[in-house]
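The values are calculated or read from the model by the stated rules, or taken from the named source; none is laboratory data. In this text, all values refer to a predicted model and were calculated from it rather than measured experimentally. As a convention, Cβ positions derive from the backbone with ideal geometry for all residues, glycine included, and neighbour counts pool all protein chains shown. Each accessible area value is taken on the protein alone, full model and side chains, heavy atoms only, with ligands, DNA and RNA left out. Shrake-Rupley method; radii C 1.70, N 1.55, O 1.52, S 1.80 Å.
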Amino acid sequence: MPAYLLRRSLLAAIFLSNLLPLASAQTPAALPSESPTAFVPTNNGFDYDRREVMIPMRDGVKLHTVILIPKGARNAPILLTRTPYSANALTTNMQSAHLGSSLYGYDNATDVIVDSGYIRVIQDVRGKYGSEGDYVMNRPLRGPLNPTKVDHATDTYDTIDWLVKNTPESNGKVGIIGISYDGFTTLMGLVHPHPALKVAVPMNPMVDGWKGDDWFHNGAFREQNMSYIYEQDGTRDNSVKWWTSNFDDYDMFMDAGSAGELGKRRGLEQTGFWRKVIAHPSYDAFWQDQAVDKLLAAEPITVPTLLVHSLWDAEDIYGAMAVYKAIKPKDTSNDKVFLVIGPWHHGQGIEDGSTLGAIKFNSDTSLYFRENILAPFLAKYLKDDTSAPAIASVSAYESGTNTWRKMPSWPMACESGCASTSAPLYLRAEGKLSFTAPKQEDAPFDAYISDPANPYPSAPVPFNPLATTAA
């Protein structure tokens, strides 16, 4: 290499070596995060205040609870729901400054809650979502099936006790309301209730999981519940999801051959409740000892209770009527137990009630229920509203005439004072009904072929919402 090139290379190397420390010194540190350690929203313009608290239970477990308080509330009653379906999800339907827009439809009779100025409280049951503790599906009352010191009755009591002591905007009166599973937790609150619990509204409640609610319908296992058990019992936050394997769910069940085999294929035996289901296929002590109607029949009735039943409830058709039959005879003063019978599917009492499938009614039957039955019922006991109109002991919708009937009890032919009388109906041949009893010479039975490979579907096929949407 020529000397001048060597000198030039050495000078370049020396120049670069002198720059390296300068470059290192000038390299900036990582940019600081623009997000604060804890962001505190101002909620400017909101018509309600949102509080999230962890309420301690008697065993030290804390339950995540969302409290929504209308701005300016004073001496307002509390309306509580205890749920396994995420208190956050049920109170953040929209990022809205308005309380009504924030309340998700399930369990929220939003118009009644907002119009009446109730403090809305929704709590995660123990073991689900934000709450501590262990989750047990329909946790039984303390006793042979639950050797611990806590159950939904004690958790409800402890929750109400904390709320009335730590919610200065309240009048110290609490109502509890819920649909389905949350109807079950509502009924559990009636066992040794807190003195501040003034009213309960169990809607389509889970009562007896073998006789007619959710898991079995008089012994017939409802296979569509397998996905529910998988997700609800699998994780605290329902993050493990059941998956689609067939275009039609029917093909999925037929391919497995049995619910037990499908459960093995999907790993359901990892969940405690599925192991209980397959261990107790008959109506044994496991189911009998936790049937809520039997449990409440042994308890005094001290809290006014409005039982809500849906005539076309394919899920919990048994519960409300069973509880009414169990506890109404103890209501000697006829001011504690009330019943609503609506022309609805499961949970439709808080939705639009002007139709049921292809059937169209002449009004929104659910709105009538909320405005004329639910709202005055809550107002009477939670607000001591003497102007609230009294509701009938039984309010039943007669779908044939599109009329709400008011009755003193159930069953009853019609409202008091009418000329109608009850009459037995008989099953007859060819799927017919008759007021005439069958005669000896009539055919003793109808015969038909039951072929699982060629079923008569009760739902549109293919039955798989995910596959139908994708298609």
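General observations
- Taking only the C-alpha atoms of the chain, Rg followed by Dmax gives 29.6, 129 Å.
- The range 280-380: relative contact order as a whole-number percent, Cα under 8 Å and 6+ apart: 23
- Pairs with C-alpha atoms separated by more than 20 Å, drawn from the list Lys211/Lys276; Lys336/Lys406; Lys173/Lys383; Lys380/Lys406; Lys198/Lys336; Lys128/Lys264, are Lys128/Lys264.
- For the chain: relative contact order, % (alpha-carbon pairs under 8 angstrom, 6 or more apart): 11
- Accessible surface for Thr332 stands near 130 Å², nearest 10, in the context of the full protein assembly shown (1.4 Å probe).
- Angle in degrees between helix 152-166 and the longest Cα principal axis of the chain, rounded to the nearest 10: 60
- Only beta bridges with both residues in the chain are counted; by DSSP, about 50 percent of them are antiparallel.
- Cut-off 13 Å, label 7 Å out along Cα→Cβ of Glu371, residues of the range 99-117 by amide N: 111-112
- Close amide-amide hydrogen proximity is noted between Lys173 and Ile78, each under 5 Å apart and 5 or more residues distant or on a separate chain (H modeled in the peptide plane; Pro and chain starts excluded).
- Stretching the chain fully between Leu311 and Ser354 yields a gain of 14.0 nm (0.36 nm per residue, less the alpha carbon separation).
- Candidate aspartates and glutamates - alpha carbon under 15 Å from Lys294, same-chain residues fewer than 8 apart omitted: Asp208, Asp213, Asp284
- Proximal aspartates and glutamates to Lys439, defined as alpha-carbon separation beneath 18 angstrom and excluding residues fewer than eight positions away on the same chain: Glu430
- Partner aspartates and glutamates whose Cα lies under 16 Å from the Cα of Lys149, excluding those fewer than 8 positions away in the same chain, are identified as Asp59, Glu132, Asp134, Asp158.
- Sulfur and carbon atoms: percent of accessible area, the range 320-402 [1.4 Å]: 52
- Approximate spin-label separation Arg428-Asp111, in nm, with each point projected 7 Å along Cα-to-Cβ: 4.2
- Contour minus Cα-Cα distance for Asn88 and Glu398 (0.36 nm per residue): 107.8 nm
- Across the accessible surface of the range 146-215, with the other protein chains kept in place and a 1.4 Å probe, carbon and sulfur atoms take up 55 percent.
- Taking 20 Å as the cut-off, the amide N atoms of the range 200-220 that come nearer than this to a point 7 Å along the Cα-to-beta-carbon line of Tyr283 belong to 205-220.
- Residues of the range 315-447: accessible area per residue with a 1.4 Å probe, Å²: 57
- Among 309-317, 165-173, the order from most to least packed when residues are scored by Cβ within 10 Å on average: 309-317, 165-173
- For the range 26-143, convex hull volume per residue from C-alpha positions, Å³: 180
- Modelled this way, with points 7 Å down the Cα-to-C-beta line, the labels at Asp47 and Asp134 are 4.5 nm from one another.
- Taking 0.36 nm per residue of separation and subtracting the Cα-Cα distance, full extension of the segment from Thr37 to Thr244 would add 70.5 nm.
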